[in-house]
Amino acid sequence: MTAIASPAAQPNPLSRGIRMTVIAVVAVVAYMLILWVLLFGLGGRTVANAFPEALQQTVNALSIGAIYALIALGYTMVYGIIELINFAHGDIFMLGAFLATVFIAGITGNNDAVTNIPLLIVLLLGALVFTMPIIGLLNVGIERAVYRPLRHAPRLAPLITAVGVSFILQNVALTIAGSGDRKSPQIFPLDWTIPIGGAQVSILSIFIFVLAMLLMLALQAFVSRTRLGRAMRATAQDQEASALMGVDANQTISLTFLIGGVLAAAAGLVWGLRFGFVRFDLGFNSGLKAFTAAVLGGIGNITGAVIGGFIIGFIENGAASLGYSRWSEFLVFVILTLVLLFKPTGILGQLTGDRA
Amino acid sequence: MTKIVGDPNYIAVVGPVNSGVAKAQIPISNAAGLLQCSPSNTNTALTVGDAAKALRTKPNNYIRVVTNDAIQGPAAAAYIITVLKKTSVYIIDDTETFGKGIADSFEAEFKKRGGTVVKHDAAPKTTQDYVSIMTAAKALNPQSIYFGGVTASGGARIALAAAQVGLDVPFVGPDGINDGSGDTKDSFLNLANKVAKNAYSTLAGPGTFEGKDKFDADYKKEYGIDATGYAGQGYACTQVVLDALARAAKTNPKDSAALREAVRVAGTDTTYEYTLDVGKVKFDANGDTSQLIVSIYSFDPAAAKGKGDWKYETQVDAAQK
Amino acid sequence: MTAAAEVLRAKKVTKRFGGLVAVNAIDFTIPEKSIVSLIGPNGAGKTTFFNIIAGIYDPTDGAIEFRDLTMIAHARRAWMEPVLWVAIPAVLGILTALIGVAGAPQGTVILGIFITILALLASLVTGVARGPAYQRFLARFGIFRSARPNDMVVAGLGRTFQNIRLFQNMTALENVQVGMHSRLRAGWYDALLSTPRNRHEEAFSRARAEELLELVGLRGEGANLAKNLPYGDQRRLEIARALASNPVLLLLDEPTAGMNPNETAGLTALIGRLRRDLGLTILLIEHDMKVVMGISDRVTVLDHGEKIAEGTPEEIRRDPKVIEAYLGAPAE
């Protein structure tokens, strides 16, 4: 079984948290500096105007990386607890994006920016409060109705079923919303930016990053320091033993699906805000990237999924920044292959420990 | 198509709409000698070059009343430089046959006319993050953007992302984004409405012709929807087929197979000049029209009851160059 | 002894795996505050019987009463549960569709859809929670489901494993806290809102876990990962974890397996202390006859899934059937 690793599993969680933060900050700054050099080295920019661009792109990378990370958490947690690659998770994200879009469009009625700050906050909170439980419960319901009866079936059965569920969800969206792009209200005014170092950092990017970080920190605290979080880790390590300690495996698995769905719904909301469209097959590509992120970070590992999500975001952004957008998917999978070649368990694979 | 070919009652076909579909249909209709007139296929490879030859085993049966992408792309380049007076452009295509082809022909013409292409990037339709791509585009300071592709492969998403990063320059695209008003589901204008104020699109045929107003009014009366895109061309194709049928009938064909062949011969006659709603037209041996007109549209936010629509601006006639 | 003083009664418990009878019609009782041992040669059905009591396997026949409640029996109509779970929303949905087709006003149809979704969510939530009311509702339809392992823990059963199954990547303290799971109440909303209950419970469970670690002789080891503890300590940690749920009955599956004589003596003393100080009833599977004969009040002998003898250690020692059963496989 795979464990969901957490800082509390280490003797000194605080120092580990600080170390991780420092590594993350150094990595982000390093990316920005490398991009800066590459932009004026290869991209034909001048040294001076390449810097704001590099900064801007780093912010973009953090935004898209945060979205991938939120989705990847759903893959990794479900894999950690029942060793199922939940192919339908990307489509859960897509439905979250649709639901958030429906909610916001239903209230604002059009596609315009909302400059009234209290109204904007109410809209954002409302969209989260509306979509998160619904999508979370939908995910729970899918597990209850479809995966649970197959819990003890051969591993391939739930896997194929997950693919089937993915198609069902996609087709539900296709039937209801049609095959084209549906516009999603971009309620953040486009001119809300903060000038930093010559770049215009949009408030929306900051919102996306901060929201994602808050959710991930809350998840980390939940998993490492609460009764249900402990039960989740115990179930991930040894389902039978934890049942014999009084942990209801079904309830814990439902909780895992609930959390995965909730995070995917949040990702769906910020997706619509940032890119202005939703589409029935959105979950396929995003899901694939997020799944890759989870594998890259070490599937079953929560911190790994977050790191993997950001890495994928940075790779894609790097390719786009240097004008090689068409190669971004190629690059993502080359790097995945390289990492798995040298570390088959993913970047943080060692933290998952006993793979029985 | 196989079904239509097998039924002797069919003597000609108007269509298809998409170049990709035409590519699959032409070999079948060609083998059966069935006249096909497309109102909207613009892919150059359907009529010109080895690729076009490979589709045909018999004499040509395929004609189209719109001109091809080799004309459409360059027309946009000419418009940007001569009318919009922008001398640099950022090009992005969707990596697909149509999008890449038209973007390449645009790029060649733009350079030929002395313009600067700051970058020609490509993003497949599965791309997630267009914002990063547009951030890179903005850093290159282009005076305009040209998009090679269709709405479904990212047209509106790119326009939205450009607005997101504050890249506020003319956004020009081919007929792939000229797909209806802001009221039309899935259309470019429906999706990119609020950021489309600087958007332009092209159509590979005349955007206006004598009696267009009456045509539009009649169309609306008959079908209850506004005439969009290539509606006039669809009518033109019907005129071609009827004209060909009238001339074929004069040869007194003995049976339906002979009639079908006679219609094909009459339809593809390179010497005959048709008088269509869109003007006087001849077809060359490849099936391409003599009318090398590309029309340019801009965005009119007030049209379609405030939902916005494409407004005919001008037309570029490559034949008069 | 009176009936009330029996913690556990097994009545004609039978378990068949395909054609193999692993446990055959065993009657068995455990008096309160006693130490009962279950012995027998390898493959005698001890662990299967143990697992039935723990709620891992449903018996093919017979029942287990735990603290005077029938907890475990062969499941009846369990397949009906998911059907019921879907049936109510489905009927509502079909009704809605029918009135929709019949031309009811749009508002009514939307209301119908809304009610259907509510019913679906309601059955979903109750189905996940499986609370007592839900179980009673099922019982009304003749649906009986055996208690699952976690239900048995809630009812007051704790156990350890023959081969250690600690949560290796969690600290010793966390292992014990997981054991306390069923005795704590904080839900996800407590965690989310960081309610006083949550903070109070966390503090309480830590303190209690420290106490239990001290009881089994692992004072100060709480911060170590379970996998880093020495073997004997891991066995002790398993006992602490099992104790964390405040059990009435403790099942110990070969607690001294793999221990040296020194460690064995220490553990035997600990087991005795558990009964004396905590008033626990203990069921033991053990191969070490010295341990069995030393601390058991009663011993039950299984062979080939049958109970062949039962009585005090003295009686068992003299029983010819037992001696015969062990001839080919003498006591280890």
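Nothing in this text is a laboratory measurement; each read-out follows from the coordinates by a stated rule. Keep in mind it's a predicted model, so treat the numbers as computed, not measured. Cβ sites come from the backbone with ideal geometry, for glycine too, and all protein chains shown count toward neighbours.
The figures follow:
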read-out	value
GNM result for chain B, Cα springs below 10 Å: residue of B:Pro174, B:Pro124, B:Pro142 fluctuating most strongly	B:Pro124
Residues with amide H under 5 Å from that of B:Gly15, placed H, sequence gap 5 or more	B:Cys37, B:Ser38
Residue among C:Leu38, C:Leu215, C:Leu121 with the largest mean-square fluctuation in a Gaussian network model of chain C, springs linking Cα atoms under 10 Å	C:Leu121
Computed log₁₀ I(q)/I(0) - Debye formula, equal Cα scatterers, no solvent, the stretch C:169-246, q 0.11, 0.16, 0.23 Å⁻¹	-0.28, -0.55, -0.97
Gyration tensor (alpha-carbon) shape descriptor, chain C, a/c threshold 1.5	oblate
Distance violations [Cα-Cα > 22 Å] among B:Lys119/B:Lys194; B:Lys23/B:Lys53; A:Lys183/B:Lys185; B:Lys125/B:Lys305; B:Lys194/B:Lys311	B:Lys119/B:Lys194; B:Lys125/B:Lys305
Loop-located trypsin sites (Lys or Arg not before Pro) in the stretch C:157-203, at most 11 other Cβ atoms within 10 Å (DSSP)	C:Arg185
Neighbour-count ranking [beta-carbon atoms within 10 angstrom, fewest first] of C:Thr14, B:Thr251	B:Thr251, C:Thr14
Note, ³J(HN,Hα) from phi for the stretch B:238-253, Karplus 6.51, -1.76, 1.60, rounded to Hz, x at Gly and Pro	4, 4, 4, 5, 5, 4, 4, 5, 4, 6, 5, 4, 5, 7, 6, x
Using θ = phi - 60° and Karplus 6.51 cos²θ - 1.76 cosθ + 1.60, couplings along the stretch A:19-28 (whole Hz; Gly, Pro as x)	4, 4, 4, 4, 4, 5, 5, 4, 4, 5
Protection proxy ranking of B:109-120, A:18-29 - average other beta-carbon atoms within 10 Å, highest first	B:109-120, A:18-29
Dipole of the protein assembly as shown, positive direction: furthest Cα of C:Gly294, A:Asn60, A:Leu215, with charges on the beta-carbon	C:Gly294
Net charge dipole size for the stretch C:1-44 [Lys, Arg +1 and Asp, Glu -1 on Cβ; Debye, nearest 20]	180
Highest-first arrangement of A:235-245, C:143-153, B:253-263, C:108-118, where packing means the average Cβ count within 10 Å	A:235-245, C:143-153, B:253-263, C:108-118
Charged-residue dipole, Cβ positions (Lys, Arg, Asp, Glu), the stretch C:169-246 about Cα centre, Debye nearest 20	140
Among B:Asn61, C:Ser37, C:Asn51 - extreme Cα towards positive end, dipole of the protein assembly as shown, charges at beta-carbon	C:Ser37
Amide H within-cut-off set for C:Ala309, under 5 Å, with H built and near neighbours excluded	C:Val301
Protection-proxy order for peptides B:271-277, C:286-292, each taking the mean of Cβ atoms within 10 Å per residue, highest first	C:286-292, B:271-277
Over the protein assembly as shown, volume per residue of the alpha carbon convex hull, in Å³	220
Given charges at Cβ of Lys, Arg, Asp, Glu: the stretch A:156-311 dipole, positive-most of A:Pro185, A:Ile196, A:Phe257	A:Ile196
For C:Ser34, distant residues with modelled amide H under 5 Å away	C:Ile282
The stretch C:31-174 - charge dipole about Cα centre, Lys and Arg +1 at Cβ, Asp and Glu -1, debye rounded to 20	40
Residue order, fewest to most surrounding Cβ atoms within 10 angstrom, among B:Tyr235, B:Tyr223	B:Tyr223, B:Tyr235
Alpha carbon centroid spacing (whole Å) that separates the stretch B:244-302 from the stretch B:169-235	23
Karplus-derived 3J(HN,Hα), 6.51/-1.76/1.60, for each residue of the stretch A:246-260, Hz, glycine and proline x	x, 8, 7, 4, 4, 5, 5, 5, 4, 4, 4, 5, 4, 5, x
Normalised contact order of the stretch B:197-301, rounded percent, pairs of Cα under 8 Å and 6 or more residues apart	42
The stretch C:89-246, relative contact order in percent, only Cα pairs under 8 angstrom and at least six apart counted	28
Directionally averaged shadow of chain B, computed from the convex hull of its alpha-carbon atoms, nm²	16.6
